[in-house]
Amino acid sequence: MSSVLSAVNRPRLSRPSWLSPKVFRTEVLAGLVVALALIPEAISFSILAGVDPRVGLFASFTMAVVISVCGGRPAMISAATGAIALIVAPLVKEHGLDYLIAAVILGGVIQVLLAVLGVAKLMRFIPRSVMVGFVNALAILIFAAQVPYLLGVPWLVYPLVALALAIMVGLPRLTKAVPAPLVAIIVLTVITVVAAVAVPTVGDQGELPDSLPTLGLPQIPWTVDTLTLIGPYALGVALVGLMESLMTAKLVDDITDTHSNKTRESWGQGVANIVTGFFGGMGGCAMIGQTMINVKASGARTRLSTFLSGVFLLILVVSLGDVVATIPMAALVAVMIIVAVATFDWHSVAPATLKRMPLGETLVMLTTVGAVLATHNLAIGVIIGVLTAMVIFARRVAHLVEVTSVLDPDGGTRIYSVHGELFFASSNDLVYQFDYTGDPQHVVIDMTHAHVWDASSVAALDAVTTKYAARSKTVEIIELNQPSAAIHSTLAGTLSGGH
């Protein structure tokens, strides 16, 4: 009897969602579509970084497989990216591949350290308007990256792209059993092969590897000089990779209406880059385009799709390289165009939205977009967007401080009431809100409806009391809330004579 009761009371292990046949099929097909889309991207980024295409392809394989286990955001795709390629390109050009690999490994170590220090918590300081700008800029960059594949090409490319677009728009209305991007890729490949149509293919982008990646160490002198050389590049890889990955994770959170562990994602990216470096890869981070293919276009939601995207990528380029090489670029261009259109936040630029939205919010969004497009660096764009948002917020709050006063019935005391948030931007004008000459001998400053945030505010209050003291008048500051009282008592009278 006791054994029966213990069996009843024993907690049941939850079954992974991907074991469901329907979910499993979705995840497998999604992984295959993403793998196909990763190949030309990885080759292009390798060329951009100045390395052999195999370096980018192997990086995409190891990044995807490792992050599927270590990452904090299920269904997000990490691989070799253009942002990382731009950072390491000068290092490769001047010092070679081994120094790149060392920088990637060090960058991964820095990412792990930043994760331990809680860098993911900084995501809370990124405003919604910056997120919208990030998404819109990304959509524009994804679309712009396809334009070169549409210029100076045989005219047959255009009807092929149109056919692929028609398949991806129309097929989901009939059935969602098979990802529309996969169907488009297969259909266009069959057409071009059977009809012997001469159009650009994946094979034209670069040589595909014919062997597996091997584990090894970069052949460099392990000295302080080497560390000094690769340090700035490693820091760039770490910061840009984390920022793009965390922004992408937040975007996927919103799309899937789920929460992810950003700290785990941060150190997971670090571990993935360390492993990638030891296997001779160029490093990477989250890829918004392929993530949107996985999550939005294919409906994937679990780590299985991420894992399989890496596995399929390796199988395709090593074992089925000849088949993959025949895929027309028109099919992959069409897939990315659909991704760009789906990624762009069209609601944010609708006339009705722009009419209701505060001008500052729109300005932050446009600044973020402009900065990303000007630098082709999503991290720089986000930083500039956040700084713009901070300036606009500071200006807005600075005008919300109000000072009113009443004279005590006996005429011997003037009571000032301060309303608002006092910080460096709003407290500068505080000193001019008082009538130092005309006020009676006793002045009371009531802070019930105010909050003191920084040393600038304490210095402003000191300046007020100093000006009254110079006229032999006394000032009493009352009703400071606890945090305000703490900073005021600590700093009052110590800030350069109150100036």
Legend entry - Distance in nm between pseudo-label sites at V341 and D253 (7 Å out along the Cβ direction from Cα): 3.0
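Note down the net charge around S60, summing +1 for each Lys or Arg and -1 for each Asp or Glu among other residues with Cβ under 13 Å from its Cβ.
That works out to 0.
With a cut-off of 8 Å between alpha carbons and a minimum separation of six or more residues, what is the relative contact order of the range 131-250 in percent?
RCO, the range 131-250: 20 percent.
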Inset, instruction - Beta carbons within 10 angstrom, averaged per residue: use that to sort the peptides 123-132, 422-431, highest first. - result: 422-431, 123-132
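Calculate how many DSSP beta bridges within the chain are antiparallel, expressed in % of all such bridges and rounded to the nearest 5.
Numbers: 9 of 23 bridges.
The antiparallel fraction comes to roughly 40 percent.
Output the antiparallel fraction of DSSP beta bridges having both residues in the range 350-447, as a percent to the nearest 5. Before the final figure, lay out the partial values.
Working: 6 of 11 bridges.
Restricted to the range 350-447, the bridges split so that about 55 percent are antiparallel.
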Legend entry - Label-point gap, in nm, between H449 and R395 - each point 7 angstrom along Cα→Cβ: 2.6
Inset, instruction - Tell me the label-point distance for the pair D204, S20, using the 7 Å Cα-to-Cβ offset, in nm and rounded to one decimal. - result: 4.3
Inset, instruction - Express the relative contact order of the chain as a whole percentage, based on alpha carbon pairs under 8 Å and six or more residues apart in sequence. - result: 24
Inset, instruction - Would you mind counting up the charge near I230? Only other residues with Cβ under 13 Å from its Cβ, with Lys and Arg at +1 and Asp and Glu at -1. - result: -3
Legend entry - Lys/Arg +1, Asp/Glu -1 at C-beta; the chain dipole; positive extreme among T258, A340, P90: T258
Legend entry - Hits among lysines - C-alpha to C-alpha of K296 under 18 Å, sequence gap 8 or more where chains match: K22, K176, K250
Inset, instruction - For the range 403-499, just run the numbers: alpha carbon Rg, then divide by 2.2 N^0.38 Å, N being how many residues it has. - result: 1.00
Legend entry - Nearest-20 debye value, the chain charge dipole, Cβ charges on Lys, Arg, Asp, Glu: 1520
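Thinking of the range 256-387 as a set of Cα atoms, what percent of all their pairs are more than 25 Å apart? Walk me through the numbers on the way to the answer.
Details: 3982 of 8646 pairs.
Considering the range 256-387, 46 percent of its Cα-Cα pairs are separated by more than 25 Å.
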Inset, instruction - Pop out the carbon and sulfur fraction of the accessible area of the chain as a percent, whole number, probe 1.4 Å. - result: 66
Inset, instruction - Kindly express, to the nearest 10 degrees and within the range 0 to 90, the angle between helix 455-469's C-alpha long axis and the longest C-alpha principal axis of the chain. - result: 10
Inset, instruction - Arrange the peptides 24-30, 439-445 so that the one whose residues have, on average, the most other Cβ atoms within 10 Å appears first. - result: 24-30, 439-445
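If you take the alpha carbon radius of gyration of the chain and divide it by 2.2 N^0.38 Å, what ratio comes out, to two decimals?
Values: Rg = 29.3 Å, N = 499, 2.2 N^0.38 = 23.3 Å.
In units of the globular-protein estimate, the chain measures up at 1.26.
Using alpha-carbon pairs under 8 Å, 6+ residues apart, how would you state the relative contact order of the range 318-456 in percent? Walk me through the numbers before you get to the answer.
On the way: 135 pairs, mean separation 22.4, N = 139.
In percent, rounded to a whole number, it is 16.
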Legend entry - Helix 303-318 axis, angle to the chain major axis (alpha carbon atoms, nearest 10°): 40
Inset, instruction - Tell me what the chain gives for mean residue ellipticity at 222 nm when only DSSP H runs of n ≥ 4 count, each as -39,500 (n - 2.57), the sum divided by the residue total, rounded to 500 deg cm²/dmol. - result: -20000 deg cm²/dmol
Legend entry - Mean Cβ neighbour count within 10 Å, used as a protection proxy, ranking 137-144, 74-81, 372-379 highest first: 74-81, 137-144, 372-379
Legend entry - Charged-residue dipole, Cβ positions (Lys, Arg, Asp, Glu), the range 356-451 about Cα centre, Debye nearest 20: 600
Inset, instruction - For helix 53-70, report the angle its Cα long axis makes with the longest principal axis of the Cα atoms of the chain; keep it between 0 and 90° and round to the nearest 10°. - result: 60
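The values are calculated or read from the model by the stated rules, or taken from the named source; none is laboratory data. What you are looking at is a predicted structure, and each value in this text was computed from that prediction instead of being measured. Backbone-built Cβ (ideal geometry, glycine too); neighbour counts: all protein chains shown. Just so you know, the surface numbers come from the protein's heavy atoms only, side chains and all, with ligands and any DNA or RNA stripped out. Shrake-Rupley method; radii C 1.70, N 1.55, O 1.52, S 1.80 Å.
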